[in-house]
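What follows is a single structure, written as structure tokens, with notes after it.
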Amino acid sequence: MEKFKQGVVIITGTTSGVGLNTLKPLISSGWQIVAINRSNKRAIEAASILLGQNDLKKISFIEIDLSDLNQVRKGVQEISSKFKNNCKVLICNAAVYKPRLKKPERSVQGFENSMAVNHFGHFLLINLLINDLINSDKEINLNGKNILFTPRITILGTVTANYVELGGKIPIPAPADLGDLAGFEKGFLSPISMANGKKFKPGKAYKDSKLCNMITVQELAKRYPPEKIICNSLYPGCVANSRLFRNTPLIFRLLFPLFQKFITRGYVTEKLAGQRVASVATDRDLFQSGVHWSWGNRQKLVGKVFSQKLSKRIIDTELSQRTWDLSMKLVGLKKI
Ligand SMILES: NC(=O)c1ccc[n+]([C@@H]2O[C@H](COP(=O)([O-])OP(=O)(O)OC[C@H]3O[C@@H](n4cnc5c(N)ncnc54)[C@H](OP(=O)(O)O)[C@@H]3O)[C@@H](O)[C@H]2O)c1
């Protein structure tokens with residue numbers, strides 16, 4: 001623990017894309033990092049390409065496969081024992097997107113896998129770490145300066161989970177919608193694969209999991225006062241060439257970045273997306289809790305961050321509370 005007098009940011013999914021590109025801006029601002037990945041070897045290899053030896057020394061790599069809730073519990077014990085007093089920020093970034101599956105993949109606990117990784121793994125991680133975050137040392141040292149820093153949880157949301165935005169209305173295969181949560185209600189095990197208990201649609205399973213991520217932020221902000229912990233989400237822009245799209249058809253991977261660059265102008269580089277995540281997770285100007293930050297869909301050189309309006313499916317009090325309660329049961333934090 002001695003080694004970590006500085007503030008610590010915990011971040012999931014740094015082998016590629018947005019997560020990998022969040023490391024440098026955080027380290028430059030003086031943060032130490034705990035990087036959670038399912039393979040330390042691949043995470044270290046990826047970070048070594050982007051960072052110098054001095055920067056690499058600021059990262060501790062911890063192996064957790066977010067699709068296995070037992071690994072999440074074990075990993076949290078390791079994080080708590082090593083970094084408890086200095087954990088100030090948790091960034092939930094990792095995600096899996098497999099829109100071409102014919103039938104659902106299952107997590108170790110038997111859940112549909114994209115919901116398991118993107119939502120349940122993070123939901124458990126948050127709930128097991130939140131007291132460490134809240135009770136961590138008030139003052140931290142960043143680049144030699146001692147500052148007071150309110151702990152923060154930042155989750156990557158997306159435009160396709162928010163139907164008040166154009167991207168959230170796209171009907172292919174269907175917009176994000178948890179319906180009456182019948183699938184969660186019935187235990188979310190085979191043959192159930194969707195939160196609403198209906199037919200498996202892999203692209204929608206991803207969108208639903210991101211909707212759960214955004215609901216989680218809203219519920220956290222209601223349950224925890226902002227002076228104790230700030231909870232926010234963001235849409236970093238469309239990183240159309242990231243590895244998130246590795247399971248889409250080749251033609252899509254070729255055309256989608258061009259479409260985003262030249263038609264919608266929603267495209268952002270992995271580097272810019274990483275800077276945006278670091279900013280939402282640590283900038284002292286972005287201190288409001290319960291906000292979904294966005295730079296919009298059409299990227300402008302002087303584009304400024306703003307609080308994005310959210311759909312009823314994200315902010316509806318009853319739905320978000322039920323989603324939270326059912327998630328608590330499904331990850332084993334409450335009795336069924
Ligand atoms: N790309 C976009 O346009 C876009 C837009 C809006 C929001 N987002 C969000 O941004 C975040 C990052 O996406 P990205 O584009 O950077 O995708 P990416 O390059 O595919 O990165 C995803 C990360 O998640 C990790 N991951 C996947 N399954 C995991 C598991 N079971 N346990 C632990 N880690 C796991 C991956 O590690 P492995 O190497 O082990 O697979 C990788 O490090 C996601 O939350 C995504 O929803 C992306």
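The values are calculated or read from the model by the stated rules, or taken from the named source; none is laboratory data. In this text the structure is predicted, and so the values were computed from the model without any measurement. Quick reminder, even Gly has a Cβ in these numbers, built from the backbone with ideal geometry, and neighbours come from all protein chains shown.
Per-residue answers, yes or no, for (1) crowded, with 16+ Cβ neighbours inside 10 Å; (2) assigned to a strand (DSSP E or B); (3) near the ligand (Cβ under 9 Å from one of its atoms):
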site	(1), (2), (3)
D65	yes, no, yes
N70	no, no, no
R73	no, no, no
Q77	no, no, no
K84	yes, no, no
K88	yes, yes, no
V96	yes, no, yes
K102	no, no, no
A116	yes, no, yes
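Within the range 223-236, can one find any residue that is assigned to a helix (DSSP H, G or I), modelled with pLDDT of 95 or more and more than 10 Å from the ligand (Cβ to nearest atom)?
For the range 223-236, residues assigned to a helix (DSSP H, G or I), modelled with pLDDT of 95 or more and more than 10 Å from the ligand (Cβ to nearest atom): present.
Name the pairs whose Cβ atoms lie under 8 Å apart, with the first residue in the range 15-29 and in contact (Cβ under 8 Å) with a residue 60 or more places away in the chain, the second more than 14 Å from the ligand (Cβ to nearest atom) and of a type in the set (G, A, S), and 6 or more positions between them or separate chains?
P25/S279
So is R253 assigned to a helix (DSSP H, G or I) and among the charged types (D, E, K, R) or not?
For R253, the condition - assigned to a helix (DSSP H, G or I) and among the charged types (D, E, K, R) - is met.
With the requirement that a residue be in contact (Cβ under 8 Å) with a residue 60 or more places away in the chain and within 16 Å of the ligand (Cβ to nearest atom), what does the range 147-163 give you?
Correct list: I153, T154, I155, L156, G157, T158, V159, A161, N162, Y163.
In the range 164-180, what residues are away from the ligand (no atom under 15 Å from the Cβ) and acidic (D, E)?
Of everything in the range 164-180, those that are away from the ligand (no atom under 15 Å from the Cβ) and acidic (D, E) turn out to be D177, D180.
Taking V34, is it among the β-branched types (V, I, T), in contact (Cβ under 8 Å) with a residue 60 or more places away in the chain, part of a strand (DSSP E or B) and crowded, with 20+ Cβ neighbours inside 10 Å?
Here the answer is no, as V34 does not meet what is asked.
Being in contact (Cβ under 8 Å) with a residue 12 or more places away in the chain, of a type in the set (D, E, K, R), out of contact with any Gly (no Cβ under 6 Å at 6 or more places or on another chain) and surrounded by fewer than 22 Cβ atoms within 10 Å (Cβ to Cβ) narrows it down to one of K198, K204, so name that one. Can you show your working first?
Working: K204 fails: surrounded by fewer than 22 Cβ atoms within 10 Å (Cβ to Cβ).
So the residue among K198, K204 that is in contact (Cβ under 8 Å) with a residue 12 or more places away in the chain, of a type in the set (D, E, K, R), out of contact with any Gly (no Cβ under 6 Å at 6 or more places or on another chain) and surrounded by fewer than 22 Cβ atoms within 10 Å (Cβ to Cβ) is K198.
Looking only at the range 1-55, how many residues end up being modelled with pLDDT of 95 or more and away from the ligand (no atom under 16 Å from the Cβ)?
11
So, of the residues in the range 17-31 that are assigned to a helix (DSSP H, G or I) and of a type in the set (A, V, I, L, M, F, W, C), which turns out to be surrounded by the most Cβ atoms within 10 Å (Cβ to Cβ)? If you could, list the steps in order and put the result at the bottom.
Of the residues in the range 17-31, the ones assigned to a helix (DSSP H, G or I) are 17-28.
Those left that are additionally of a type in the set (A, V, I, L, M, F, W, C): 18, 20, 23, 26-27.
Details: V18: 29, L20: 26, L23: 26, L26: 26, I27: 21.
So, considering only residues that are assigned to a helix (DSSP H, G or I) and of a type in the set (A, V, I, L, M, F, W, C), the one surrounded by the most Cβ atoms within 10 Å (Cβ to Cβ) is V18.
Regarding the range 272-285, can at least one residue be identified that is more than 9 Å from the ligand (Cβ to nearest atom), at pLDDT below 95 and part of a helix (DSSP H, G or I)?
Checking the range 272-285: not a single residue is more than 9 Å from the ligand (Cβ to nearest atom), at pLDDT below 95 and part of a helix (DSSP H, G or I).
Could you tell me how many of the residues in the range 292-336 are in a helix (DSSP H, G or I) and of a type in the set (V, I, T)?
Qualifying residue count, the range 292-336: 4.
Condition first: within 12 Å of the ligand (Cβ to nearest atom) and hydrophobic (A, V, I, L, M, F, W, C). Now tell me which residues in the range 260-271 satisfy that.
Once the filter is applied, which keeps residues that are within 12 Å of the ligand (Cβ to nearest atom) and hydrophobic (A, V, I, L, M, F, W, C), the range 260-271 yields only V268.
Considering (1) part of a loop (DSSP other than H, G, I, E, B); (2) surrounded by fewer than 19 Cβ atoms within 10 Å (Cβ to Cβ), say which one F61 fails and leave the rest.
Unmet condition: (1).
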